[in-house]
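The values are calculated or read from the model by the stated rules, or taken from the named source; none is laboratory data. All values reported here derive from a predicted model rather than from experimental measurement. Cβ atoms come from the backbone with ideal geometry, glycine included; neighbour counts cover every protein chain shown.
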Amino acid sequence: MSVICPICSTPTSVNPVPIRDDMAYLPEESTERRAVYGKAVVHAITDDVSPHYVSYGIFQCQACDKRFVAKKHIQDREWVPIYPIPHKSIAEEVPEPIKGEFEEASLCFAVGAYKACASMCQRTQESLCQNKEVSGLNELLSSGIISQALFDRATEIRLWAGIVKHKPIHEPVSEEDAEELLRYLGNILDHVYVEPKRLDALIEKRKQLEKKE
C-alpha cells in the first residue's frame, strides 16, 4: 500500500502500526476458557459501524518513520491521510512571516477552505512586498525582483483575493482554482527567496573547487 505522507510529503509504502497493549483482555488457553489479562499486539485499523463504512488506521511512513492517521471509505481503494492535516511545506530559505503565511494558506487548502486560501495567498504577497520594502506588485516588477510572467501570476492572486473578500459571490471557489493560486504563490516565493540562495551556494562550491585545482 502506498500513500503520500502528510508529514514529509513523500510518496511511500506504509504499514499498519502494531500497538502493544499490556492489559489486553484475552481468553486463557484452558478447558475452562477463563478470561485473563495479558499482552497483545493488534494492528491499528478499525472499521466504523456507521452507515458510511469508513475504516480508520494508524500508519508509519517508511521514509520519515513518523506516524499518522488515515481513513478509507469502503468504496475507495486508497487511504487518505487525515491527521496531521497534510499541507504544502515551503523551503527554509523563505523568511518569516512569509513562510508561516504560506503554510497557513496551504492549510486552508488542505481543509477545503478555498476562499480563505485565496485570501491568505494575497496576504502572503503583501508580506513579500513589505519584506522587499516595495509599495506593491508594480514595484516588484519594475525593480526586477519578479519577472513579467510572475507579475501576471501575482496579479491574478490579488484579483481573486479581492473577489472573495469584497464581492458577494455565491459560487464556491473550486479546489482546482485554489490549488492553481497556491502553486503560483509557491513559484513566486521560490524565485524571490529560494533560487538566489541556492545559486549563490552553487557558485561558492564551484569557486572552492577551482581553488583546489
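Things worth noting here:
- Counting only strands (runs of 3 or more DSSP E) that sit wholly inside region 1-103, those with at least 1 residues that are charged (D, E, K, R) and modelled with pLDDT of 75 or more are 67-73.
- Total residues in region 60-73 satisfying the condition of being under 10 Å from residue 6 (Cβ atoms) and either in contact with a Phe, Trp or Tyr (Cβ under 9 Å, 6 or more places away or on another chain) or among the hydroxyl-bearing types (Ser, Thr, Tyr) (or both): the figure is 4.
- Count of region 133-183 residues which are of a type in the set (Ser, Thr, Tyr) and in a loop (DSSP other than H, G, I, E, B): 4
- Any hit, region 184-193, residues being surrounded by 10 or more Cβ atoms within 10 Å (Cβ to Cβ), part of a helix (DSSP H, G or I), modelled with pLDDT under 90 and touching a Ser or Thr at 6+ places or on another chain (Cβ under 9 Å): no
- For region 64-74, a residue qualifies if it is touching a residue at least 12 places away in the same chain (Cβ under 8 Å) and either out of contact with any Ser or Thr (no Cβ under 9 Å at 6 or more places or on another chain) or surrounded by 15 or more Cβ atoms within 10 Å (Cβ to Cβ) (or both), and the qualifying residues are 66, 67, 68, 69, 70, 71, 72.
- Selection count, region 148-165, where residues are more than 20 Å from residue 109 (Cα to Cα) and either at pLDDT below 95 or surrounded by 13 or more Cβ atoms within 10 Å (Cβ to Cβ) (or both): 3
- Residues located in region 133-154, provided they are more than 21 Å from residue 101 (Cα to Cα) and touching a residue at least 24 places away in the same chain (Cβ under 8 Å): 147
- Residue 102, sole failed condition from (1) farther than 21 Å from residue 6 by Cα; (2) buried (at least 17 other Cβ atoms within 10 Å of the Cβ); (3) in contact (Cβ under 8 Å) with a residue 12 or more places away in the chain; (4) not hydroxyl-bearing (Ser, Thr, Tyr): (1)
- Top-ranked residue of region 123-132 - restricted to ones that are touching a residue at least 40 places away in the same chain (Cβ under 8 Å) and part of a helix (DSSP H, G or I), ranked as farthest from residue 172 (Cα to Cα): 128
- Among the residues making up region 109-122, those that are out of contact with any Phe, Trp or Tyr (no Cβ under 6 Å at 6 or more places or on another chain) and part of a helix (DSSP H, G or I) are 109, 110, 114, 115, 116, 119, 120, 121, 122.
- Boolean, residue 106 is outside the structural domain of residue 69 (by TED's automatic domain parsing), within 16 Å of residue 9 (Cα to Cα) and in a loop (DSSP other than H, G, I, E, B): no
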